[in-house]
Amino acid sequence: MTTTQDLIAQEHQYLMQTYKRFPIALTKGEGVRVWDAEGKCYLDFLAGIAVNALGYNHPAVRATIQAQSSGLIHTSNLFYTRNQIELAKLLTAQADLDCAFYCNSGAEANEGAFKLARKWGQGRYEILTAQQSFHGRTLAAVSATGQTKYQQGFQPLMPGFQHIPYNDLDALRQAISPHTVGVLLEAVQGEGGIQPARPEYLAGVAALCQEHQLLLMFDEVQCGMGRTGKLFAYQHYAVQPDIVTVAKGLGCGFPIGMMLAKRSVAQAFEYGDHASTFGGGEFVTGVALTFARMLTDDGLLAHVTNMGQLLAARLHELQQQFPALIIEARGLGLMAGLQLEASVSAGDVSTALRENGLLTATAGGNVIRFVPPLIIQSADIDEAAAILAATLARFA
Ligand SMILES: Cc1ncc(COP(=O)(O)O)c(C=O)c1O
């Protein structure tokens with residue numbers, strides 16, 4: 001039998017060392033729990049980094065996979081297939097946008113948005129993004145990302161991006177130039193530390209975009225697809241984007257990304273301007289369609305809102321219990337974070353939580369990030385809060 005230690009040794013030998021993995025080999029999952037090779041069970045508030053929206057082994061996902069597996073998996077975009085059209089119809093209607101482009105990841109969805117913005121801009125090319133933002137790891141996406149740690153070693157970066165302080169409308173106003181074509185923001189910054197945008201900020205951004213004929217673009221890769229209790233996180237705000245990118249949770253574990261846009265913008269793309277071999281395959285869009293229908297038809301969004309309120313309440317209780325450790329509890333829906341004092345490392349706390357059976361991720365600014373599957377129940381949240389209380393007590 002291959003042990004975890006064997007796997008770790010072989011991973012070091014055969015895989016490029018780009019990921020600092022936890023010393024755990026996961027072997028199975030059910031609902032909101034996963035098990036490692038030694039049989040230890042973990043309550044999963046990480047969910048494949050905000051991907052496994054329906055947890056593990058969900059009956060609706062399983063049924064769709066079974067049905068799709070005997071149908072078409074891939075056809076190429078040289079043919080018409082049904083699921084990709086149904087999914088685009090559903091999501092564009094929900095976003096009050098008109099049409100979609102399919103790809104395979106968040107970075108690729110953002111790449112599509114950059115290309116579309118440049119083509120639409122007819123010479124205007126600069127996109128304003130936020131400091132502490134994260135938009136992915138392709139060269140253009142790291143150039144768009146407002147964190148130098150992801151850019152070091154990869155210069156020269158792609159020109160055409162300017163990073164402005166988040167939630168600072170004056171800074172945005174001052175950054176606009178004749179070259180500016182649009183603004184790309186996360187309504188809730190994820191990797192940057194679970195930072196929701198202020199309502200007056202986004203309203204101001206939308207007004208500036210109107211005034212200067214700039215594209216308002218939202219990166220909903222992490223905060224979208226129901227995670228915050230609305231289908232898209234920007235829908236908590238009174239704004240209407242021109243372009244929206246989604247990925248992560250959309251495929252419930254299968255790779256898929258999408259860019260949604262207004263027709264007046266999307267029309268800038270002509271035949272051959274953009275493409276993706278795997279984009280919008282019949283299989284993966286079938287799974288995403290099942291999930292999107294659950295969000296829009298089956299009350300899953302209301303469940304996320306309720307569970308998000310409970311999670312926020314528990315995190316605020318923890319803040320009161322450990323005022324010397326926790327600076328702030330914040331988030332929206334099931335995208336939550338605890339910002340810790342500098343004296344205690346979020347990484348160390350996350351490691352201790354893992355040892356105590358709770359999987360979490362960290363995020364920028366010394367934050368413990370909670371992005372559980374959307375099917376989480378109140379008993380799971382109470383259990384997580386109890387593990388957090390016991391673990392934080394060791395750091396107090
Ligand atoms: C907001 C945001 N945009 C883009 C990405 C990149 O997505 P992917 O890793 O699928 O390329 C991420 C990934 O964490 C993200 O959080």
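Once phi is turned into θ = phi - 60°, what whole-Hz ³J(HN,Hα) does the Karplus curve with 6.51, -1.76 and 1.60 give for every residue of region 302-316, x standing for Gly and Pro?
Once θ is set to phi - 60°, the couplings for region 302-316 become 5, 4, 4, 4, 4, 5, x, 5, 5, 4, 4, 4, 5, 5, 5 Hz.
Among 304-312, 203-211, what's the highest-first ranking by average C-beta atoms within 10 angstrom per residue? Could the numbers behind the result be given before it?
Working: 304-312: 19.0, 203-211: 16.8.
Most protected by this proxy first, the peptides run 304-312, 203-211.
Convert each backbone phi in region 347-352 into a coupling constant with the Karplus relation 6.51 cos²θ - 1.76 cosθ + 1.60 (shift: θ = phi - 60°), then list the ³J(HN,Hα) values in order as whole Hz, x for Gly and Pro.
x, 5, 5, 4, 5, 5
In nm, what is the difference between 0.36 nm times the number of residues separating LYS28 and ALA268 and their Cα-Cα distance?
Details: separation 240, 0.36 × 240 = 86.40 nm, distance 4.55 nm.
Result: 81.8 nm gained on full extension.
For region 5-114, what D do you get in µm² per second when you plug the Kirkwood radius from alpha-carbon pairs into Stokes-Einstein at 25 °C and 0.890 mPa s?
For the chosen part, D equals 138 µm²/s.
Which trypsin sites (Lys or Arg not before Pro) does region 99-185 hold that lie in a coil by DSSP with at most 15 other beta carbons within 10 Å? If you can, show how the numbers build up before the last one.
Numbers: sites: LYS115, ARG118, LYS119, ARG124, ARG137, LYS149, ARG173; in loops: ARG124, ARG137.
Sparse-neighbourhood loop trypsin sites (Lys or Arg not before Pro): ARG137.
Averaging over all projection directions, find the projected area of the Cα convex hull of region 217-307 and quote it in nm² with one decimal place. Show your work: numbers first, answer last.
Values: hull surface 26.7 nm².
Convex hull of Cα atoms, orientation-averaged projection: 6.7 nm².
Of all the Cα-Cα pairs you can form in region 94-179, what percent are over 16 Å apart? The partial results should precede the final answer.
Details: 2123 of 3655 pairs.
Result for the distance tail: 58 percent.
Order these peptides, 138-145, 103-110, by their mean beta-carbon neighbour count within 10 angstrom, highest first. The partial results should precede the final answer.
Working: 138-145: 22.0, 103-110: 25.4.
So the order, starting with the most tightly packed, is 103-110, 138-145.
Tell me, how many Å apart are the Cα centres for region 332-396 and for region 219-276?
28 Å
Could you work out the mean projected area of the convex hull around the alpha carbons of the chain, in square nanometres to one decimal? Mind dumping the intermediate values first?
On the way: hull surface 80.7 nm².
Value for the chain: 20.2 nm².
Scan around CYS99 for amide H atoms under 5 Å from its own, H built in the peptide plane at 1.01 Å from N, and keep only partners 5 or more places away or cross-chain.
Counting only residues 5 or more places away or on other chains, the set is ALA261, ARG263.
Taking a temperature of 4 °C and a viscosity of 1.567 mPa s, what whole-number D in µm²/s does Stokes-Einstein yield for region 180-267 with Rh from Kirkwood over alpha carbon pairs? All intermediate terms of the calculation are to be shown ahead of the outcome.
On the way: Rh = 13.3 Å.
Reported coefficient: 97 µm²/s.
Of ASP96, ASP298, ASP273, which is the most mobile in a GNM of the chain whose springs link Cα atoms less than 10 angstrom apart?
ASP273
Any of LYS149/LYS262; LYS28/LYS89; LYS89/LYS149; LYS20/LYS119; LYS20/LYS248 with alpha carbons more than 31 Å apart? Name them for me.
Values: LYS149/LYS262 33 Å; LYS28/LYS89 34 Å; LYS89/LYS149 38 Å; LYS20/LYS119 38 Å; LYS20/LYS248 20 Å.
The pairs that break the limit, which is 31 Å between Cα atoms, are LYS149/LYS262; LYS28/LYS89; LYS89/LYS149; LYS20/LYS119.
For all pairs of alpha-carbon atoms in region 268-377, what percent lies in each bin of width 10 Å, listed from the first bin to the last filled one?
13, 31, 24, 20, 10, 2
If you average the alpha carbon positions of region 277-330 and of region 158-193, how far apart do those two centres end up, in angstrom?
Spelled out, the Cα-based centre of one part sits 26 Å from the other.
I need the calculated FRET efficiency for the pair ILE327 and ALA390, taking r as the beta carbon distance and R₀ as 22 Å, to the nearest 0.05. Working shown, then result.
On the way: r = 21 Å, r/R0 = 0.93.
FRET efficiency, ILE327 to ALA390: 0.60.
No value in this document is a laboratory result; all are computed from the given coordinates. Values in this document were obtained by computation on a predicted structure and should not be read as measured data. Neighbour counts run over all protein chains shown; Cβ positions are idealised from the backbone, glycine included.
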